[in-house]
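Everything on this sheet refers to the single structure shown next.
FYI, it's all coordinate maths here, none of it is from the lab. Only a predicted model underlies this, so the values are computations on that prediction, with no experimental measurement involved. So basically every Cβ, Gly included, is an ideal-geometry build from the backbone, and we count neighbours across all protein chains shown.
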2 protein chains.
Amino acid sequence: MKCRVCREPAVIDLRRHNANFCTDHFLRHCRQQVERVIKDFDMVRTDHRILVAVSGGKDSLALWDLLNELGYQVDGLYIGLGIDQYSDSSYRFVQEFVEQRSLHLIVVDLAETHGFGVSTASATTRRVPCSACGLSKRHVFDKAAVDGGYDAVVTGHNLDDEAAVLYGNVLRWQVGYLGRQRPVLEARAGFPRKVKPLIRLTERETAAYCVLRGIEYQVEECPMADGNRHLGFKEALNRLEEQSPGSKAEFYFGYLKRAIDRFEEPDDRDQLGPCSACGAPTDADVCAFCRLVLQATGTSISDRRPVALVSKPDIPASTGGPGSGHE
Amino acid sequence: MKCRVCREPAVIDLRRHNANFCTDHFLRHCRQQVERVIKDFDMVRTDHRILVAVSGGKDSLALWDLLNELGYQVDGLYIGLGIDQYSDSSYRFVQEFVEQRSLHLIVVDLAETHGFGVSTASATTRRVPCSACGLSKRHVFDKAAVDGGYDAVVTGHNLDDEAAVLYGNVLRWQVGYLGRQRPVLEARAGFPRKVKPLIRLTERETAAYCVLRGIEYQVEECPMADGNRHLGFKEALNRLEEQSPGSKAEFYFGYLKRAIDRFEEPDDRDQLGPCSACGAPTDADVCAFCRLVLQATGTSISDRRPVALVSKPDIPASTGGPGSGHE
């Protein structure tokens, strides 16, 4: 197996691209894929201030590294979700990455700022953990990006993620979600601009990228995502890809090219008012996140006040870092 | 396991309906599903002259039987496709069904009327067999229905078929096909009205219907469909259905309810002109079917003349029935 570019021994084969690559040309391939997406979808510029949402997993750390390599100015945002040991170890991977590169990391710990973690919230409210977690992450990311004046939030959603979400939405024809599944969501009052530069790379590729760049990351799947339908959708798409390499990309990019506009619906985000508890845009009196906080903590609306962003790039995990002892 | 209706011992469980049925109530269930589809989509009336396309398989024979039971006037059309032994044995099942019920059957043998069978056409033209077969069947059905003055052609496409076709079209976002995948296609100049009354029944249900009604049918899959991607799509949907009963119906009917209109495109069938060889509507000088005939038989356009419909309801399979000796 030889590298398509230099004919030296290859370290990875990418059937979808009908190509093998050595380490250097694979890393270049990854950078080129990200550059291409950024250009095709007009995502970000080098004079933008960018905030990357990092979890400690392969995708978000690869993304941060790739954007650095490509010359973008990127700060990180880590959210301590309070998923027991999993959050502790995830945070240590982020910390190590940041320290080695002297990057700026914002840390928001759900327990410290809002008095609950995902494990407790899910148990108390009987909500599916992934739903409570997603809601919390979106709320904290949006707020951090708007408060910090960032030009864009970038997230590490890869091709497998996006194809699986699309697959789930198509199987149930959830037309509201279908219209919004774009790689770029423009900023609106109270919402930052959100972009996904990894949509041309698969999970396997971001994992290989991290390994070849010496980036240590959280390998375990989140323990609360067990039985998540999303994982079943990924398996179905993987079987398809196995039989016919390229079909996952064809499914997702074909959708963006030929179908998504058919699901476009009027953007009602401008008609939202401020949440009476936290000020975030919402179509109700109290936003969904604040309702979750109230339920999870058993507090009442009068106890809720806007929370200042907690910025502590250098907090050591051993003395109050996210996930430590707040369950 | 007891029948949901009468509490007698049940013979079949339908997880999607969360129900078990005895023989009589299962047969009633099938009739009700067909009645409901006919009503919901305004498909056919009892004063219509209907032509059912029969292959000798479970779906088309079940459909013919169900429509008879519901009081519709239905003739059959069988096409001898020339797929070696498979066509011979398929025809015998149709013959037996027709003789037992004294029904009217039109038989068109591709070899006799057009000088080729699907096996030879596929080999000669290097076309995928399913493509040559589908093209031939559509052409002959359309012509037979229009020539015979029928109000509608009904076909035995079941829920598994329609969901699998939709799945394949969605995976590749074939938007042209997506807009046309309706249970009713209205008549246009040269094209008959086409409807699919079995879309609320699965393969398992039409098979059980035949067994319980004592209808003998061709059980074997077509030998030329081996490796057909369509079958892989059915498997993928079956896995999904296994995990979450009802998801196949949700996928297909959700599409009809919430998405198909988004893929509607202007119907260009009225702008078609007559094929210079056979007179069928086409957007070219010679229609796709006649091009297939010319290629498969090695004849030239001047040899082609409109072919009269061959009607021979009582032709014995042993002396020139479809598939016998024309390879």
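Data overview
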read-out	value
Charge context of B:Tyr177, other residues only, Cβ under 13 angstrom, K/R +1, D/E -1	+1
Loop trypsin sites (Lys or Arg not before Pro), the stretch A:33-79, which have at most 12 other Cβ atoms in a 10 Å radius of their Cβ (DSSP)	A:Arg45
Proximal lysines to B:Lys137, defined as alpha-carbon separation beneath 23 angstrom and excluding residues fewer than eight positions away on the same chain	B:Lys58, B:Lys194, B:Lys196, B:Lys234, B:Lys312
Residue (of B:Val44, B:Tyr255, B:Gly71) at the positive-pole extreme of chain B, dipole from beta-carbon charges	B:Tyr255
Magnitude of the charge dipole, the stretch A:18-128, Cβ model with Lys/Arg +1 and Asp/Glu -1, debye to 20	300
Stokes-Einstein D for the stretch A:109-237, Kirkwood Rh over Cα pairs, 4 °C, 1.567 mPa s (µm²/s)	78
Fraction of antiparallel bridges per DSSP, the stretch B:33-269 only, in percent to nearest 5	15
On Cα atoms only, tilt of B:23-40 relative to the major axis of chain B in degrees	60
Fraction of beta bridges assigned by DSSP in the protein assembly as shown that are antiparallel (%, nearest 5)	35
Nearest 10 degrees, 0 to 90: helix B:58-69 Cα axis against chain B principal axis	70
Dipole of the protein assembly as shown, positive direction: furthest Cα of A:Ser55, A:Gly279, B:Ser136, with charges on the beta-carbon	A:Gly279
Computed label-point distance, nm, for sites B:Lys257 and A:Val128 using a 7 Å Cα→Cβ extension	1.8
The stretch B:33-269: relative contact order in percent, alpha carbon pairs under 8 Å with at least 6 residues between	25
Mean Cβ neighbour count within 10 Å, used as a protection proxy, ranking A:233-246, A:86-99, B:121-134 highest first	A:86-99, B:121-134, A:233-246
Simple Cβ-charge dipole of the protein assembly as shown, Lys/Arg +1 and Asp/Glu -1, about Cα centre, in debye nearest 20	420
Cα long-axis angle, helix A:229-243 against chain A (0 to 90 degrees, to the nearest 10)	10
Cα lying deepest toward the dipole's positive end in the stretch A:196-278, options A:Pro266, A:Val211, A:Pro223, charges on Cβ	A:Val211
